[in-house]
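Student: Pasting in a structure now, in structure tokens, and then I'll have a few things to ask.
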Amino acid sequence: MRWLSDPNPGTRLRRRTLFAFALSCVALGIGVARYEWSAGDDALLWIVLAAYALPVCLAALLVWIVIVVLAWERGERKLGTILVSWAIALASSAACIGTFFATSWASARWTVWRLDVESKPVIEAIERFRARNGHAPRSLEELVPSELDRLPARLAGCTFWFTPLDGEFDPMIGWYDLGPADSTATNERQSSIGPAERAVLVVEVGETGAVQELRIERARTRSSGTFDAARWRGAPQARIEAAAALENDPRAWRGHRRLLEELLGPFDGVTRRGTSAWELHVRRPDGYRELFVRRPQCDYGEVPELGSFRRIGAWVYGIDSES
């Protein structure tokens, strides 16, 4: 290209550097888009790239041609060089950033569309089983062969698993009262558990009755060594210190809900994770942490597996906080 072969060494170096920068931005945008498109068809990926990246690149090329031609005719080669440099640099950066965000937006929605189509037979089978038996299946294997001939290996190219929420040991959140809440405490989550004016020891229980997490909310804590059952039954401050010691020693509480209640007594209160009878979880392949969750009642006030999430249709989507 004549533009890259200017006789002036400084101009030639500057133009070639700018050209390399533009190519790098476009290549980076495509590479990041491919990484972001962890679940989706390659054909649709290239459609998205063409729809968002190519017009930006072509616009930059058109601007460059117009500016260079006008500058050449008017003898304003210095001004043309400056404007060309800015136009190509900004357009290349916009192509890179725009490609990433456009692909991220389209990828999640394309996956949800595929999940709606491919999960429909499984969801209908779960609801038929629930209507006939009065509860959701304990596992998807119970649907075969009465409701389904076989289970799909994947949904939308992703791994998936099922969690019943209406059994003897539902996924639930129990809590113990620790006394008046401390207004200066900063350890309360967005969706609070128990009475807002009370400090609580929160216990998250899985579908098998296994205790998955234990934490203190609305109380300032400090560990006081090993857990002491006598302090747990004492004054509020002693109870908080005993709870903090228990929280910091997973060996003392990790296990079944029954064992924890034998140690601390029955829960003072229980918060169900929602009104839905089951959850369907879908994780993107190849080690990605993106997780899609589907509940039949769409009651997504809190999804413990997701630190933060966004709603897309009947699904919620976010980063798996437990992986």
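The values are calculated or read from the model by the stated rules, or taken from the named source; none is laboratory data. Because the structure is predicted, anything quoted here is derived from the model rather than measured. We place every Cβ from the backbone using ideal geometry, glycine too, and count neighbours over all the protein chains shown.
Student: For segment 232-258, which residues satisfy the criterion of being in contact (Cβ under 8 Å) with a residue 12 or more places away in the chain, in contact with a helix residue (DSSP H, G or I) (Cβ under 8 Å, 6 or more places away or on another chain) and either aromatic (Phe, Trp, Tyr) or over 15 Å from Arg215 (Cα atoms) (or both)?
Tutor: Passing the criteria: Trp232, Trp253.
Student: Out of segment 138-161, which residues are outside any loop (DSSP other than H, G, I, E, B) and either under 18 Å from the mean Cα position of the chain (by Cα) or closer than 15 Å to Arg114 by Cα (or both)? Let's see the steps before the verdict.
Tutor: Initial filter on segment 138-161 (outside any loop (DSSP other than H, G, I, E, B)): 140-143, 155, 158-161.
Of everything in segment 138-161, those that are outside any loop (DSSP other than H, G, I, E, B) and either under 18 Å from the mean Cα position of the chain (by Cα) or closer than 15 Å to Arg114 by Cα (or both) turn out to be Leu155, Cys158, Thr159, Phe160, Trp161.
Student: For segment 120-161, give me each residue that is within 21 Å of Ile319 (Cβ to Cβ) and out of contact with any Asp or Glu (no Cβ under 7 Å at 6 or more places or on another chain).
Tutor: Looking only at segment 120-161, we keep the residues that are within 21 Å of Ile319 (Cβ to Cβ), and these are 154-161.
Within segment 120-161, Arg154, Gly157, Cys158, Thr159, Phe160, Trp161 meet the criteria.
Student: Quick check on segment 234-243. Is at least one of its residues modelled with pLDDT under 80, surrounded by fewer than 21 Cβ atoms within 10 Å (Cβ to Cβ), of a type in the set (A, V, I, L, M, F, W, C) and more than 15 Å from Gly265 (Cβ to Cβ)?
Tutor: Looking only at segment 234-243, we keep the residues that are modelled with pLDDT under 80, and these are none.
Within segment 234-243 (the criterion being modelled with pLDDT under 80, surrounded by fewer than 21 Cβ atoms within 10 Å (Cβ to Cβ), of a type in the set (A, V, I, L, M, F, W, C) and more than 15 Å from Gly265 (Cβ to Cβ)), the answer is no, since none of the residues qualifies.
Student: Restricting to segment 207-252, what's the tally of residues that are within 30 Å of Asp166 (Cα to Cα) and in a helix (DSSP H, G or I)?
Tutor: Selection size over segment 207-252: 6.
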